[in-house]
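This report refers to the structure that appears directly beneath it.
The values are calculated or read from the model by the stated rules, or taken from the named source; none is laboratory data. Fair warning: this is a prediction, and the values are worked out from it, not measured in the lab. Glycine gets a Cβ as well: all are built from the backbone with ideal geometry, and neighbour counts include every protein chain shown.
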Protein chains: 2
Amino acid sequence: MSTNTAYQSLQSIFKRLNYFDHATTILGWDQMVMMPAGGVASRSETLAELSVMHHELLASDRVVELITHCESDTESLTDAEVRSVQAMREAYQDVNCLPTDLVKAQVLAGSACEHGWRSQRKANDWAGFQKNFNEVVWLAREEARVRQESADTATPYDALLDLHCRGDSSELIDRVFSELKAELPTMIDAAIERQAMAQTAAHATEATTALYPISEQTALSHALLRTLGFNFDEGRLDISAHPFSTGVRGDQRITTRYDESTYLDALLATAHETGHASYEAGLPEQWSGLPVGNASNMCIHESQSLLFEKMVTLSAPFLQHLHELIKTHLSAGTDLSFESLIQQARRVSKSYIRVEADELTYPIHVALRFDIERDLINGAIEPSHIPEAWDAAMQAGLGLSTKDNHTNGCLQDIHWTDGTFGYFPSYTMGAVNSAQLFQAVIEAHPDWQTKFAEGDIGFVRTWLSDNIWCHGCHRSSQELIQLATGSETQSKSLLTHLKSRYLDES
Amino acid sequence: MSTNTAYQSLQSIFKRLNYFDHATTILGWDQMVMMPAGGVASRSETLAELSVMHHELLASDRVVELITHCESDTESLTDAEVRSVQAMREAYQDVNCLPTDLVKAQVLAGSACEHGWRSQRKANDWAGFQKNFNEVVWLAREEARVRQESADTATPYDALLDLHCRGDSSELIDRVFSELKAELPTMIDAAIERQAMAQTAAHATEATTALYPISEQTALSHALLRTLGFNFDEGRLDISAHPFSTGVRGDQRITTRYDESTYLDALLATAHETGHASYEAGLPEQWSGLPVGNASNMCIHESQSLLFEKMVTLSAPFLQHLHELIKTHLSAGTDLSFESLIQQARRVSKSYIRVEADELTYPIHVALRFDIERDLINGAIEPSHIPEAWDAAMQAGLGLSTKDNHTNGCLQDIHWTDGTFGYFPSYTMGAVNSAQLFQAVIEAHPDWQTKFAEGDIGFVRTWLSDNIWCHGCHRSSQELIQLATGSETQSKSLLTHLKSRYLDES
């Protein structure tokens, strides 16, 4: 068999895998958005079986033989095909390097731990949680050890990081996060003081009791999405319990949730998910269905959603445009002043809860989780040390104590319960990347503020398409950032942005 | 391998096939109801590939070996398992008895013919259509010949009939339809005359210009569905271009379409689809995912939808209840008299178009299609004879000529264009079965009229569940009808019903 024939066979197999992905993506969306309660059992079985069939196909001897064949004769392939084979190898290794017994044990332990967590979190029961969690950590360490051996990463934790943040080492993340931890606490205090003074001056602290009907909020979200360039001929906006974005080629689906007592949360959630959806819609068509045509790591993916949400939508000039949209679509928004909108949309406060945090305090939440999970997987700390480490980091970063308050401390997130380690850093690496990319966009477009005020962000989309979206994962995350901005991911960009928005901007 | 082990293996394979069915069912629903236009290419590819994988699995040597093993030692299996294996054999034979080349040729010819038909119908272009259609018929005859050889049916046409109406022979259908053709023309004329006189007497012929907002119609449809026993915890009602019903275990999905100028069409479509959905929801859980757990043939399936639509919803006592629902939910319905509702809901007229026909004239449309397609497949007539045969049958049955009017004659339906022969009879066999089953229901429930007037149809559902739904396809269609009503399908039941409703009832 020629190497070209081998590559063609691989392409066919991976395209078939992609049809499974298409099915599970739409079935998953349907489950969250459309399916009646009675469908749960049958849907769960179907998704589990499709995942088994996907695994059987990807983890087959034939796949690894074909990959090895192509790897042994790269001269017969184009550079792009060589990178494509490399992405196939990564996909194969990711699912295939673990012993089946370990995977099964992890599913069981993770499922038990997550199930227990749902009541233990409410009951503030760390001791009960830790009983299950010890096993989850033990198995995750074993997974990290096996993956490190297979991928030759610097530390065991880096091997788990690869699953979500491939290309961004724990060393790089540590450097970026350390700089953020050093600068942010002072900035947070200063911003909160500044906002308090501004509010006192404006007597603008009265609570509003206005209601925003869901039909009006829906129309507003649609208007914002159209402004942000979301294509409703190739996508949908729906409602689900938690906002998310998913989709297949030509069909990007985002969700939000509405609360009649407030409109900003739903609106910013749609802006956020539009970033994810735009990235997916902009991936290179010629590599569609192959691993190399997929999006880059989660640090890049999250940078796109945060760029749309924080950099574009919350910028002062775009808020001017949004202000007009709000006044047009919300009957209770006709009297809203621009100053009130800015104040509401950019309020900084110290919160125990990550998902409620604003962009200035959010990195503190993520950095502490990164420190803990890295040390946990690398064996520097044990699960029993987590509450203390959490409390210390919250005290240092936000001046809040979580001592004996596990509900609002180390038990607040679902991620670790089923053994997902190495995902948290992507939130803040995404934020840093978004600031760095946005800086490059506006340097290339000095008239950006005029355009934003008119609701024109087409030039941002074009720049992102040319610099990020079109590459799929032909380039590593840091190659993308380097080529697009002139340097690797640096804390400076985010710090400069936050200082400008929260301490300098009038 | 023991026979029990072989049967277990078959069960696993067929359950896996069922997971494919689950995926394609939901993806198909999504395509009709939710998918944005941009998703077409990717969805079509995915559905095609899932169908290829389904076929590879079902048509494998392993499946036929296991089936043959079980068939050779039925004494080791329970009676139910023996019938289960028989249903598996039928499923295997249905997809596997045709040569691949023939299937491919049929897909190509059918697709070209259907594509051409879309413009040829509008252009009244029989000659153009026939050029493509000759090939479709030639291939269908070849398919019928091969299937007849494999299944040993009485005629080639019976082999195609088996795909949709298995268990109901063309001889039985011919007997039933001949009796209908003999009786209906006189009844139709009498009913039309009677309705004209009643209308003149009531001066009730004024056209209404009322509008019925879609939000009100939706609420009315939901109210009717709940009354008919549709469980919204295990199903949905949505909108699509053409009403249909589909679903998976615990999750039945029906659709309708609304037109602001009329409310009855959408309402009766939901009642119809509720019958299909209720049957699917009521299939035996212990056989879920296996062929023997599926619904019986389309003559039984259609009997359930028509029983809900025509027997229940259009019955005088239920219309009393529906009258209240209409007055509650439609602001333009508050002045509607019961007499007007009856008149609107039961209007008889002679129409060229099958899908616009009422229950009294509908069998004429179906019987003529049955006669033509049977003769066509069995070689008694050629495609060129169709327009003449159509015209003659329409003249005889309804006194309407379709001479040179192919648009409203033999070009009106999509069914034959892609080679679907043997499906049409199920519409009227379903109508006959629905009347026969309903007669048995009300004989067992003499107080049915009081209950219907109160919107109580629970006893109908229970009877259908016990007599039809719970059997899956453990019994043949005629066994089901025989056991439930005491005789095989007979035209008498439908004729009695129609005479009572259109000629006797005051």
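A few comments on the model shown:
- Scanning the stretch A:168-175 for any residue that is assigned by TED's automatic domain parsing to the domain that holds A:R501, without any contact (Cβ under 8 Å) to a residue 60 or more places away in the chain and not in a helix (DSSP H, G or I) turns up at least one such residue.
- Failed condition for A:V52, given (1) at the interface with another protein chain (Cβ under 7 Å from one of its Cβ atoms); (2) over 28 Å from A:A80 (Cβ atoms): (1)
- No other residue among B:L98, B:L57 is closer than 30 Å to B:R475 by Cα, modelled with pLDDT under 95 and not in a helix (DSSP H, G or I) apart from B:L98.
- Check on B:D265, in contact with a strand residue (DSSP E or B) (Cβ under 8 Å, 6 or more places away or on another chain), of a type outside the set (A, V, I, L, M, F, W, C) and either surrounded by fewer than 17 Cβ atoms within 10 Å (Cβ to Cβ) or not in a helix (DSSP H, G or I) (or both): yes
- Residue among A:G235, A:G333, A:G293 that alone is surrounded by fewer than 22 Cβ atoms within 10 Å (Cβ to Cβ), within 14 Å of another protein chain (Cβ to nearest Cβ) and small (G, A, S): A:G293
- Residues of the stretch B:22-51 that are of a type in the set (D, E, K, R) and in contact (Cβ under 8 Å) with a residue 40 or more places away in the chain: none at all.
- For the condition in a helix (DSSP H, G or I), surrounded by fewer than 18 Cβ atoms within 10 Å (Cβ to Cβ) and of a type outside the set (K, R), B:S487 does not qualify.
- Extreme residue, nearest to the other protein chains (Cβ to nearest Cβ), among residues of the stretch A:247-262 that are part of a strand (DSSP E or B) and over 20 Å from A:A23 (Cβ atoms): A:T256
- A:A59 crowded, with 17+ Cβ neighbours inside 10 Å, aliphatic (A, V, I, L, M), more than 25 Å from the chain's Cα centre (by Cα) and more than 9 Å from chain B (Cβ to nearest Cβ): no
- Matching residues in the stretch B:18-48 - criterion: being small (G, A, S), within 14 Å of A:G250 (Cβ to Cβ) and either at the interface with chain A (Cβ under 9 Å from one of its Cβ atoms) or assigned to a loop (DSSP other than H, G, I, E, B) (or both): B:A37, B:G38, B:G39, B:A41, B:S42
- Close pairs (8 angstrom Cβ cut-off, 6 or more residues apart or separate chains): touching a residue at least 12 places away in the same chain (Cβ under 8 Å) in the stretch A:90-109, among the polar types (S, T, N, Q) anywhere: A:Q93/A:S150; A:C97/A:S150; A:A109/A:N132
- Conditions (1) closer than 30 Å to B:A105 by Cβ; (2) surrounded by 16 or more Cβ atoms within 10 Å (Cβ to Cβ): number failed by B:F438: (1)
- A:S384 being out of contact with any Asp or Glu (no Cβ under 7 Å at 6 or more places or on another chain), within 17 Å of A:M298 (Cα to Cα), of a type in the set (S, T, Y) and in contact (Cβ under 8 Å) with a residue 40 or more places away in the chain: no
- Residues in the stretch B:344-370 that are in contact with a His (Cβ under 7 Å, 6 or more places away or on another chain) and in a loop (DSSP other than H, G, I, E, B): B:A357 only.
Here is a yes/no grid of residues against (1) in contact (Cβ under 8 Å) with a residue 60 or more places away in the chain; (2) more than 23 Å from B:T407 (Cα to Cα); (3) of a type in the set (G, A, S); (4) out of contact with any strand residue (DSSP E or B) (no Cβ under 7 Å at 6 or more places or on another chain):
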| position | (1), (2), (3), (4) |
| --- | --- |
| B:R118 | no, no, no, yes |
| B:K122 | yes, no, no, yes |
| B:D125 | yes, no, no, yes |
| B:V137 | yes, no, no, yes |
| B:V146 | no, yes, no, yes |
| B:A151 | no, yes, yes, yes |
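- Considering the stretch A:2-17, and only residues there that are within 11 Å of chain B (Cβ to nearest Cβ) and farther than 18 Å from B:R16 by Cα, the residue that is surrounded by the most Cβ atoms within 10 Å (Cβ to Cβ) turns out to be A:K15.
- Looking at B:T218, B:T270, just one residue is under 22 Å from the mean Cα position of the chain (by Cα) and at pLDDT 95 or above, and that residue is B:T270.
- Residue check, A:E373 farther than 30 Å from A:V248 by Cβ, assigned by TED's automatic domain parsing to the domain that holds A:F438, modelled with pLDDT of 95 or more and not in a helix (DSSP H, G or I): no
- Counting only residues that are assigned to a helix (DSSP H, G or I) and within 27 Å of A:L495 (Cβ to Cβ), the stretch A:132-161 holds 3 of them.
- The listed residue being more than 30 Å from B:H474 (Cα to Cα) and at pLDDT 95 or above, out of B:A191, B:A196, B:A202: B:A191
- Count of residues meeting criterion [surrounded by 17 or more Cβ atoms within 10 Å (Cβ to Cβ) and either acidic (D, E) or touching a strand residue (DSSP E or B) at 6+ places or on another chain (Cβ under 7 Å) (or both)] in the stretch A:91-113: 1
- Residue match in the stretch B:138-154 (condition: modelled with pLDDT of 95 or more, surrounded by 22 or more Cβ atoms within 10 Å (Cβ to Cβ), under 26 Å from B:S487 (Cβ atoms) and not hydrophobic (A, V, I, L, M, F, W, C)): no
- Count of the stretch B:298-340 residues, restricted to those that are in contact with a Lys or Arg (Cβ under 8 Å, 6 or more places away or on another chain) and modelled with pLDDT under 95, is 3.
- Residue satisfying condition, being farther than 29 Å from A:Q490 by Cβ and hydrophobic (A, V, I, L, M, F, W, C), within set A:L283, A:L237, A:L268: A:L237
- The residue that is surrounded by the fewest Cβ atoms within 10 Å (Cβ to Cβ), among those in the stretch A:65-87 that are touching a Ser or Thr at 6+ places or on another chain (Cβ under 8 Å) and among the hydrophobic types (A, V, I, L, M, F, W, C), is A:V82.
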